[in-house]
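A.B. asks: Would you mind keeping the following structure in view while I ask a few things?
The values are calculated or read from the model by the stated rules, or taken from the named source; none is laboratory data. Keep in mind it's a predicted model, so treat the numbers as computed, not measured. For neighbour counting, all protein chains shown are included, and Cβ atoms are generated from backbone atoms with ideal geometry for every residue, glycine included.
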Amino acid sequence: MRDDALPVAKLLAAAGACAGAIALAVAVVLLILHLRRVPTGGLPVAAPPPLAADQPMLEPAPQPDLASYQAAKRGALHGLGWVDAASGVAHIPIESAMAMRAAAVASGASR
């Protein structure tokens, strides 16, 4: 036999052993299910528990709500507006805030 030749017999034996181990595992699982009298297709599932009132409901198509949420967040991030008009707190576009902060850091001011 050449040194670079594949040991085909050993590879086939290993593959057969793996296939036999898998078949044995499947047979054991099927036997356990049979002994426990589990019907074909599994046990029936009861109705799902009701959702609590404080939990969000699942939506069949959440894309419109997600789009409006993202639009509102983009507007807050890139727009001008009041956070609290009574106390004079406003928000500015993120680009302006970053430019102001960079200018302050460059001039040596810490805040």
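A.B. asks: Can you find, within the range 29-72, the residue that is modelled with the lowest pLDDT among those that are among the polar types (S, T, N, Q) and in a loop (DSSP other than H, G, I, E, B)?
C.D. replies: 55
A.B. asks: On to the next question. Going by the structure shown, is residue 79 of a type outside the set (S, T, N, Q), in contact (Cβ under 8 Å) with a residue 12 or more places away in the chain and surrounded by 10 or more Cβ atoms within 10 Å (Cβ to Cβ)?
C.D. replies: Yes.
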